[in-house]
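The values are calculated or read from the model by the stated rules, or taken from the named source; none is laboratory data. Just so it is clear, the structure is predicted and the values come from calculations on it, not from any experiment. Every residue, glycine as well, gets a Cβ built from its backbone with ideal geometry; the counts of neighbours run over all protein chains shown. The accessibility values were calculated without ligands, DNA or RNA, using every heavy atom of the protein model including side chains. Shrake-Rupley method; radii C 1.70, N 1.55, O 1.52, S 1.80 Å.
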Amino acid sequence: MSSSRLLVEIEVLEFLRTRKRKEQEDLLKRFREIATYPSKYSDFAEYDSMGRRVDVHIYLGFAIKFWDDFADRHLKIPEIHSADLF
């Protein structure tokens, strides 16, 4: 179990603002759950331009990308988009 601090990119927060209230609440709850136990929510992984593993979790029709910065004890969510884009 992780005790990581949750860090969310501003673009993700701006995306959340465009969603209905219930969807916002559900997604924020899932972000917190991911931060608590990241490996439980990894549906598959990609690698970013720096070669860093980025896990992807599909939830409510969205692809939530995250990576566990274990050294800094941060769970980072840099991106969310429609899962249809895969």
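If only residues of the range 60-86 that are outside any strand (DSSP E or B) and small (Gly, Ala, Ser) are counted, the one that is farthest from GLU23 (Cα to Cα) is ALA71.
Close contacts from the range 7-26, counting a first residue that is at pLDDT 95 or above and a second that is part of a loop (DSSP other than H, G, I, E, B) and not β-branched (Val, Ile, Thr), with Cβ to Cβ under 7 Å and a gap of 6+ residues or different chains, come to GLU23/LEU60; ASP26/LEU60. May I ask you to list the residues in the range 1-59 that are assigned to a strand (DSSP E or B) and among the aromatic types (Phe, Trp, Tyr)? Within the range 1-59, PHE44, TYR47, TYR59 qualify.
Does ILE64 qualify as being buried (at least 17 other Cβ atoms within 10 Å of the Cβ) and not basic (Lys, Arg)? Don't jump to the end; show me each part of the working.
Working: buried (at least 17 other Cβ atoms within 10 Å of the Cβ): yes; not basic (Lys, Arg): yes.
When the stated conditions are applied, ILE64 passes them.
The residue that is least open to solvent (accessible area, probe 1.4 Å), among those in the range 71-80 that are farther than 12 Å from ARG5 by Cβ and touching a residue at least 60 places away in the same chain (Cβ under 8 Å), is ILE80.
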